[in-house]
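Below is one structure, written out as structure tokens, with a few remarks after it.
The values are calculated or read from the model by the stated rules, or taken from the named source; none is laboratory data. Quantities reported herein were computed from a predicted structural model and do not represent experimental measurements. Note: ideal-geometry Cβ built from the backbone for every residue, glycine included; neighbour counts use all protein chains shown. Calculation scope for accessible area: heavy atoms of the full protein, side chains included, ligands and nucleic acids excluded. Shrake-Rupley method; radii C 1.70, N 1.55, O 1.52, S 1.80 Å.
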Amino acid sequence: MLWLTISCFSYAGTEQPTGGSYGLALDPVPTVNFVFLTPANAQQQQAKDIVQHSSILTTVRQLSQTRYVFAPSLDIVFGSTKGPNFDSTQNEIQIPYQYITQLLQHVAKTTPYTTQQQRYQATTDALLLTLLHEIGHAYILDRAIPILGNNETMVDNFVTILLLNDIDRGDEIAINSNQLFSIHAINDTPLSNNLFIQQHSLSQQRYQHILCLVYGSDPTRYQPLLDALPLVQQQQRQCNDIYSTTHQGWLYYLDI
Ligand SMILES: [Zn+2]
């Protein structure tokens, strides 16, 4: 399996979603709430700890102040029995602890990472991708955004635009975490039994589309990505246009 390393890229220029320029008094209120159900065993406790010690809660909360603003606010529940899923009747996103454990096992099995810190990072990166995906479904419904074309591709665009524009290391997450969810990486792993994964593992077409967006966002910077992916090379002239159109389209709907 091809594993992309993008260490040759410079990450300079990635932005934090909020700065201090508004001043404390005017900071917008977060519009997501995190709920952690009580872990039932040591493994679930480990999953909870991995999430709570990561930066993804801060990232998701900050974006809820500036980009996807929910009214009423959206609950994100960790420790549910089913999911990952957006439950529109409860207006909540549900993430089982078991899913986080399965992600960690998947990372250990399919990536070259050897240290616990690297594996935890890759696990929470993949979890961030999952959270943003479900937030995308929730946001499209909340804003009644017209679905023109495939709903999943529309959410892929939402997630990738946020990663590239608003999230530190977002390009790395877009490339490597989506690789973890590609169909050929999922086969015969513990993750393959999860309903969300069965519905969301990335076809070659969706995976290539996401990489095309990353490449198109800055062709000079991501030239090594193109070299590693001959299929994208065929589309390379179009990727810049596809990125620009997608970026403009989503900026219209994302608060700022
Ligand atoms: Zn989906």
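Mind checking whether some residue in the stretch 213-224 is modelled with pLDDT of 90 or more, out of contact with any Phe, Trp or Tyr (no Cβ under 9 Å at 6 or more places or on another chain) and within 16 Å of the ligand (Cβ to nearest atom)? No, every residue in the stretch 213-224 fails to be modelled with pLDDT of 90 or more, out of contact with any Phe, Trp or Tyr (no Cβ under 9 Å at 6 or more places or on another chain) and within 16 Å of the ligand (Cβ to nearest atom).
Each residue in the stretch 174-203 was checked for being under 19 Å from P84 (Cα atoms), among the β-branched types (V, I, T) and away from the ligand (no atom under 16 Å from the Cβ), and 1 of them qualify. Candidates in the stretch 125-142 are the residues that are farther than 18 Å from F70 by Cα and open to solvent by 10 Å² or more (accessible area, probe 1.4 Å); of these, the one that is nearest to the ligand (Cβ to nearest atom) is L129.
Only a single criterion out of (1) open to solvent by 60 Å² or more (accessible area, probe 1.4 Å); (2) within 16 Å of the ligand (Cβ to nearest atom); (3) among the charged types (D, E, K, R) is not satisfied by R206, namely (1). Could you tell me whether Y207 is among the aromatic types (F, W, Y) and more than 17 Å from the chain's Cα centre (by Cα)? No. The single residue among T153, T160 that is of a type in the set (S, T, Y), open to solvent by 20 Å² or more (accessible area, probe 1.4 Å) and over 18 Å from V51 (Cβ atoms) turns out to be T153.
Scanning the stretch 16-52 for residues that are at pLDDT below 85 and not polar (S, T, N, Q) yields P17, G19, G20, Y22, G23, L24, A25, L26, D27.
Of all residue pairs spaced 6 or more apart or on separate chains, those with beta-carbon atoms under 8 Å, a first member in the stretch 142-168 that is free of Cβ contacts under 8 Å to residues at least 40 places away in the same chain and a second member that is open to solvent by 40 Å² or more (accessible area, probe 1.4 Å) are M154/I147; M154/L148. Only one of the numbered conditions (1) among the charged types (D, E, K, R); (2) out of contact with any strand residue (DSSP E or B) (no Cβ under 8 Å at 6 or more places or on another chain); (3) within 16 Å of the ligand (Cβ to nearest atom) is not met by R67, and that is (3).
Hey, among the residues in the stretch 187-203 that are touching a helix residue (DSSP H, G or I) at 6+ places or on another chain (Cβ under 7 Å) and more than 20 Å from H137 (Cβ to Cβ), which one's surrounded by the fewest Cβ atoms within 10 Å (Cβ to Cβ)? Step by step, filter the stretch 187-203, then rank; the result is S192. Within the stretch 52-111, the set of residues being in a helix (DSSP H, G or I), small (G, A, S) and open to solvent by 30 Å² or more (accessible area, probe 1.4 Å) comprises A108 only.
Test Y113 against the criterion of being under 14 Å from S80 (Cβ atoms) and away from the ligand (no atom under 15 Å from the Cβ), and give yes or no. No; evaluated as a whole, the condition is false for this residue. Among the residues of the stretch 143-164, write down those that are at pLDDT 95 or above and more than 13 Å from the ligand (Cβ to nearest atom). Of everything in the stretch 143-164, those that are at pLDDT 95 or above and more than 13 Å from the ligand (Cβ to nearest atom) turn out to be T160, I161, L162, L163, L164. With respect to Y253, is the statement that it is open to solvent by less than 50 Å² (accessible area, probe 1.4 Å) and either farther than 27 Å from T58 by Cβ or not small (G, A, S) (or both) true? Spelling it out, it is not the case that Y253 is open to solvent by less than 50 Å² (accessible area, probe 1.4 Å) and either farther than 27 Å from T58 by Cβ or not small (G, A, S) (or both).
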